[in-house]
Amino acid sequence: MCTTCGCGDSELVPVELHEKILAGNDRAAAHNREHFRESGVLALNIMGSPGSGKTAVLEATARVMKGVRLGAVSADLATDNDARRLQKAGIPSKAITTGQACHLDAELVHRSLHDFPWRDLDVFFIENVGNLVCPAIYDLGQEANVVVLSVTEGEDKPLKYPVMFQKADLVLVTKCDLIPHLDVDMGEIEDALSRVMPDPRILKLSARTGEGMDAWRAWLETMRGRMPDGRTGTAHTHAHGHAYGHSHEHEHEHEHEHEHEHEHEHEHEHEPE
Amino acid sequence: MHEYSLVEALLRRVEDEARQRNATAVHGLKVSLGELAGVEPELFRTAYETFRTGTLCEKAALEIVRCPAIYVCPSCGKSFARGEVLRCERCARPARMDEKSDALLLESIDMEVP
């Protein structure tokens with residue numbers, strides 16, 4: 001009822017919310033992240049254009065990380081080709097067919113976990129739909145975003161798709177073996193990245209020749225070392241943390257005898273926000 | 001074209017809020033879209049026009065506040081122009097993005113309550 005004069009008319013009230021439109025997705029992503037961290041699984045969101053080489057990088061990763069248990073879900077609008085390729089490369093994989101959806105969301109990832117042995121993994125790759133726009137805005141619960149950019153795509157792609165690159169914790173510049181055959185200038189790619197990323201981290205590699213794969217492996221190992229329970233590669237699914245501080249800048253592996261006294265909700269030092 | 005799924009999430013949220021407050025109608029919505037939110041405001045509006053039919057928002061006006069991308073040096077406060085290298089040479093520090101730059105927010109709803 002109208003409170004001004006009591007006339008019985010309905011009243012127009014402004015409701016202030018200031019909340020994220022994707023709050024629902026963010027909640028599902030936080031839930032996924034909690035699962036991954038509890039189990040010490042390094043989850044990575046692999047994004048990039050169609051044909052940028054996302055699947056090829058993962059195939060090559062399997063060749064250089066033999067002792068590490070890798071797994072993947074691979075999103076595609078219509079086929080399960082990528083998941084089959086990864087499976088063949090020795091990475092247990094599952095396809096997520098998104099139909100008309102141009103991106104993965106946290107709920108799709110969560111559903112894919114239900115019948116996939118992700119807890120047994122060291123590194124879980126979430127290969128997103130090939131697309132430089134939409135996947136960028138959906139948090140999936142990953143530890144880091146890796147954006148794959150091939151040298152054949154043109155030096156100015158970062159300037160054209162700033163949102164995707166701004167969200168990247170690491171950019172993999174792929175197909176570098178082709179540089180001698182192209183009119184591409186690596187310096188220009190790096191320059192473009194520095195104009196959309198405040199602190200760009202870039203690795204140049206070729207999945208075909210293996211160039212740069214050592215640096216990528218080292219990055220993955222560093223990320224694994226920063227995982228909340230600092231796993232050494234053995235499987236344990238119980239939740240535990242370390243009692244000494246909230247910084248993950250240390251690189252050493254730590255013991256698992258400390259008490260679990262806080263959630264690991266803090267951001268890592270390398271993350272942009 | 002993720003604008004459609006965003007608008008679906010938006011409408012669901014507005015309907016929940018309206019139901020909780022026993023609102024009889026929604027007159028207006030205000031959203032903030034950052035330049036780096038990855039959302040095209042015109043597409044967002046088109047998606048809204050398409051999806052609001054048959055919902056409580058059928059007659060609700062959509063106000064879109066566009067927020068520019070803003071980068072500043074965390075030490076000296078220098079701001080960066082579009083296309084500039086996002087690193088402060090003087091302070092040798094990477095720029096920091098203002099949080100509204102990638103805003104994707106439902107700011108407020110004007111609703112009619114009995």
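The values are calculated or read from the model by the stated rules, or taken from the named source; none is laboratory data. Keep in mind the model is a prediction, meaning the values are calculated, not measured. For neighbour counting, all protein chains shown are included, and Cβ atoms are generated from backbone atoms with ideal geometry for every residue, glycine included.
(1) in contact (Cβ under 8 Å) with a residue 12 or more places away in the chain; (2) over 23 Å from residue A:14 (Cα atoms): which one isn't true of residue B:31, the others all being true?
Of the numbered conditions (1) in contact (Cβ under 8 Å) with a residue 12 or more places away in the chain; (2) over 23 Å from residue A:14 (Cα atoms), the odd one out for residue B:31 is (2).
Collect the residues in segment A:14-39 that are within 14 Å of chain B (Cβ to nearest Cβ), small (Gly, Ala, Ser) and over 16 Å from residue B:7 (Cα atoms), keeping them in residue-number order.
A:28, A:29
When you check residue B:9 against the structure, is it within 9 Å of chain A (Cβ to nearest Cβ), assigned to a loop (DSSP other than H, G, I, E, B) and either touching a Leu at 6+ places or on another chain (Cβ under 9 Å) or on the phi < 0 side of the Ramachandran plot (or both), yes or no?
Numbers: within 9 Å of chain A (Cβ to nearest Cβ): yes; assigned to a loop (DSSP other than H, G, I, E, B): no; either touching a Leu at 6+ places or on another chain (Cβ under 9 Å) or on the phi < 0 side of the Ramachandran plot (or both): yes.
Considered against the rule, which asks whether it is within 9 Å of chain A (Cβ to nearest Cβ), assigned to a loop (DSSP other than H, G, I, E, B) and either touching a Leu at 6+ places or on another chain (Cβ under 9 Å) or on the phi < 0 side of the Ramachandran plot (or both), residue B:9 comes out as no.
Restricting to segment A:66-100, what's the tally of residues that are surrounded by 20 or more Cβ atoms within 10 Å (Cβ to Cβ) and more than 18 Å from the chain's Cα centre (by Cα)?
Qualifying residue count for the region: 0.
Which of the residues spanning segment A:18-37 are crowded, with 19+ Cβ neighbours inside 10 Å and more than 25 Å from residue A:148 (Cβ to Cβ)? I'd like the intermediate steps shown before the answer.
We begin by selecting, within segment A:18-37, every residue crowded, with 19+ Cβ neighbours inside 10 Å; these are A:21-22, A:25, A:28-29, A:32-33, A:36-37.
If the condition is that a residue be crowded, with 19+ Cβ neighbours inside 10 Å and more than 25 Å from residue A:148 (Cβ to Cβ), then A:21 is the only one that fits.
Take residue A:200 and tell me if it is within 24 Å of residue B:93 (Cα to Cα), surrounded by 19 or more Cβ atoms within 10 Å (Cβ to Cβ), facing another protein chain (nearest Cβ under 10 Å) and touching a strand residue (DSSP E or B) at 6+ places or on another chain (Cβ under 7 Å). Lay out the reasoning, then the answer.
Values: within 24 Å of residue B:93 (Cα to Cα): yes; surrounded by 19 or more Cβ atoms within 10 Å (Cβ to Cβ): yes; facing another protein chain (nearest Cβ under 10 Å): yes; touching a strand residue (DSSP E or B) at 6+ places or on another chain (Cβ under 7 Å): yes.
So residue A:200 fits the description; yes.
Pick from segment B:26-82 the residues that are of a type in the set (Val, Ile, Thr) and assigned to a strand (DSSP E or B): which of them is farthest from residue B:7 (Cα to Cα)?
Going residue by residue through segment B:26-82, those that are of a type in the set (Val, Ile, Thr) are B:26, B:31, B:39, B:46, B:50, B:53, B:55, B:64-65, B:70, B:72.
Cutting the leftovers down to assigned to a strand (DSSP E or B) gives us B:26, B:31, B:64-65, B:72.
Values: B:26: 15, B:31: 11, B:64: 13, B:65: 15, B:72: 31 Å.
Residue satisfying both the conditions and the ranking: B:72.
Here's the yes/no breakdown for (1) at pLDDT below 95; (2) within 14 Å of chain B (Cβ to nearest Cβ):
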site: A:131; (1), (2): yes, yes
site: A:134; (1), (2): yes, yes
site: A:141; (1), (2): no, no
site: A:149; (1), (2): no, no
site: A:158; (1), (2): no, yes
site: A:166; (1), (2): no, yes
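Assess whether residue B:34 counts as being more than 13 Å from residue B:106 (Cα to Cα), more than 9 Å from chain A (Cβ to nearest Cβ) and either of a type in the set (Gly, Ala, Ser) or buried (at least 16 other Cβ atoms within 10 Å of the Cβ) (or both).
On the way: more than 13 Å from residue B:106 (Cα to Cα): no; more than 9 Å from chain A (Cβ to nearest Cβ): yes; either of a type in the set (Gly, Ala, Ser) or buried (at least 16 other Cβ atoms within 10 Å of the Cβ) (or both): yes.
Here the answer is no, as residue B:34 does not meet what is asked.
Quick grid of which residues meet (1) more than 9 Å from every other protein chain (Cβ to nearest Cβ); (2) modelled with pLDDT of 95 or more; (3) farther than 20 Å from residue A:100 by Cα:
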| residue | (1), (2), (3) |
| --- | --- |
| B:5 | no, no, no |
| B:21 | no, no, yes |
| B:25 | no, no, yes |
| B:29 | yes, yes, yes |
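Do you know which residues across segment A:203-214 are surrounded by fewer than 14 Cβ atoms within 10 Å (Cβ to Cβ) and either small (Gly, Ala, Ser) or closer than 27 Å to residue B:69 by Cβ (or both)?
Scanning segment A:203-214 gives a single hit, A:210.
Answer yes or no as to whether residue A:224 is closer than 27 Å to residue A:65 by Cα, at pLDDT below 95, buried (at least 16 other Cβ atoms within 10 Å of the Cβ) and away from chain B (no Cβ under 12 Å).
On the way: closer than 27 Å to residue A:65 by Cα: yes; at pLDDT below 95: no; buried (at least 16 other Cβ atoms within 10 Å of the Cβ): yes; away from chain B (no Cβ under 12 Å): yes.
So residue A:224 does not fit the description; no.
Could you run through segment B:83-114 and say how many residues are facing chain A (nearest Cβ under 8 Å), among the charged types (D, E, K, R) and in a loop (DSSP other than H, G, I, E, B)?
1
Looking for whichever is free of Cβ contacts under 8 Å to residues at least 12 places away in the same chain, more than 12 Å from chain A (Cβ to nearest Cβ) and not basic (Lys, Arg) here; the options are B:58, B:15. Which one fits?
Numbers: B:15 fails: free of Cβ contacts under 8 Å to residues at least 12 places away in the same chain.
Among B:58, B:15, only B:58 is free of Cβ contacts under 8 Å to residues at least 12 places away in the same chain, more than 12 Å from chain A (Cβ to nearest Cβ) and not basic (Lys, Arg).
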